[in-house]
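Enquirer: Here's a structure for you.
Nothing in this text is a laboratory measurement; each read-out follows from the coordinates by a stated rule. A quick note: this is a predicted structure, and the numbers were derived from the prediction, not measured. Because the Cβ atoms are built from the backbone with ideal geometry, glycine has one as well, and the counts that use them run over all protein chains shown.
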Amino acid sequence: MAVLVTGGAGYIGSHTVAELLAKNEEVVIVDNLEQGHREAVLGGKLYVGDIRDKDFLDTVFRENAIDAVIHFAANSLVGESMQNPAKYYHNNVYGTLCLLEKMNEHGVNKIVFSSTAAAYGEPENIPILETDRTLPTNAYGETKLAMENMMKWFDAAHGIKYVSLRYFNAAGAHESGRIGEDHDPETHLVPIILQVALGQRPHISVFGEDYATPDGTCIRDYIHVSDLADAHILAVKKLLRGGESRIYNLGNGIGFSVKEVIEIARQVTGHPIPAVVEARRAGDPAVLVASSERTREELGWRPKRDRLERIIASAWAWHQSRPTGYEA
Ligand code: UDP
């Protein structure tokens, strides 16, 4: 099969490309390299360009017989989305609109979409089910939900089948050590903690200690990026077998508080990792933990790297070998 991966030079995209290549699949990658890194693309055919450029998309679809698309290309920072929602509506929502229009024009009718637990907002129940209410508390989650809904209507009108994967907190790095997480600016908890361990930051700021959780800090469900990558491939295969459109959660079903993550990172790295409690970050729900029962049952997905120690250890190996990330 030939798969087009948008955002394939980014963190989760590059790990998915790596798993596709390991399975000898044909991979075409589209990335504007705004967040992505050329070096993170371990193979396949890379087109550098923006999904909002319709002529560019025409070229990609004309030059390649694409069977399915995996769509990662988007901005994904909660804090930034609260300060600059326009950027999120433009890149995420309008970008997805361009992609779906071009898929439709070129007769490509299967898409796996990188969605988020932020689509739920403050959860009604823990663990969160796919059928639970979606009421995002931040602009990022709102745009991802809008993208999902757009796919629903493109399916109804044009028969474009989609699988939307709502990830919880992606972390870790590829076991080869060749690719890992490198954002600029870095805002995610695990890499920032590891930058403290490397001596690149004086401390980790804990955003809020007054949440309604046992230790007062936010609880998240951390999942290894390669387990996420595996789920995308299972989802593509399901669509290619004629599967219907569906939404799936991707998490391990176990929550860790910010303080617990810091403590495990201290154990894994052997570094003290000083922590300083600061104000809450806008838009953060207190607890996000997934039920992935549906994903396990219907996709046959089994996370293989689910212990947080292992997730952090893989990230630590990457950060130690590439302390400044990919080449500039
Ligand atoms: N967090 C924190 N300090 C940081 C970065 C993140 O306390 O420097 C918290 C954040 O408030 C959230 C959790 O860690 O509760 C995970 O945040 P991250 O940005 O990694 O992922 P998100 O949950 O926003 O997708």
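Enquirer: Straight-line reach from residue 304: which lysines have a Cα under 21 Å away, not including same-chain ones fewer than 8 places off?
Expert: 23, 237, 238
Enquirer: Apply the Karplus curve 6.51 cos²θ - 1.76 cosθ + 1.60, θ = phi - 60°, to the phi angles in segment 151-166 and return the couplings in whole Hz, x for Gly and Pro.
Expert: Using θ = phi - 60°, the values come out as 5, 4, 6, 5, 5, 4, 7, 10, x, 7, 8, 10, 10, 9, 9, 8 Hz.
Enquirer: Ignoring everything except DSSP H segments at least 4 long, calculate the 222 nm mean residue ellipticity for the chain; use -39,500 (n - 2.57) per segment, divide by total residues, nearest 500.
Expert: Working: 11 runs with 121 residues, N = 328.
Mean residue ellipticity, 222 nm, calculated: -11000 deg cm²/dmol.
Enquirer: Does anything in segment 198-228 have its amide N under 18 Å from the 7 Å Cα→Cβ label point of residue 135, and if so which residues?
Expert: Inside the label zone: 212.
Enquirer: Taking θ = phi - 60°, what integer Hz values does the Karplus form 6.51 cos²θ - 1.76 cosθ + 1.60 yield along segment 307-312, in sequence order, with x for Gly and Pro?
Expert: 7, 4, 4, 5, 4, 5
Enquirer: Which percent, to the nearest 5, of DSSP beta bridges fully inside the chain are antiparallel?
Expert: Beta bridges within the chain, antiparallel portion: roughly 5 percent.
Enquirer: Angle, helix 11-22 long axis vs. longest principal axis of the chain, Cα atoms, 0 to 90°, nearest 10?
Expert: Tilt relative to the chain: about 60 degrees.
Enquirer: How big is the charge dipole of the chain about its Cα centre, in debye rounded to the nearest 20, if each Lys and Arg gets +1 on its Cβ and each Asp and Glu gets -1 on its Cβ?
Expert: 500
Enquirer: Antiparallel versus total DSSP beta bridges in segment 166-294: what percent is that, nearest 5?
Expert: In segment 166-294, approximately 15 percent of DSSP beta bridges are antiparallel ones.
Enquirer: Take the chain, drop everything but the C-alpha atoms, weight them equally and run the Debye formula without solvent; then report log10 I(q)/I(0) at 0.09, 0.10, 0.15, 0.16 Å⁻¹ to two decimals.
Expert: Listed by q, the Debye log ratios stand at -0.43, -0.53, -1.27, -1.46.
Enquirer: Another question, if that's okay. Which residues among segment 145-189 fall inside the zone where the amide N is under 18 Å from a point 7 Å beyond the Cα of residue 324, along Cα→Cβ?
Expert: Inside the label zone: 180-186.
Enquirer: On to the next question. Between residue 26 and residue 90, what is 0.36 nm times their sequence separation minus the Cα-Cα distance? Round to one decimal in nm.
Expert: Separation in residues times 0.36 nm, less the Cα-Cα distance, equals 20.1 nm.
Enquirer: Calculate, in nm to one decimal, what residue 105 and residue 302 gain on full extension: separation in residues at 0.36 nm each, minus their alpha carbon distance.
Expert: Length gained, residue 105 through residue 302: 67.4 nm.
Enquirer: I would also like to ask the following. For residue 170, which sequence-distant residues (separation of 5 or more, or a different chain) have an amide H within less than 5 Å of its own amide H, given hydrogens modelled in the peptide plane?
Expert: Close amide H contacts, sequence-distant or interchain: 223.
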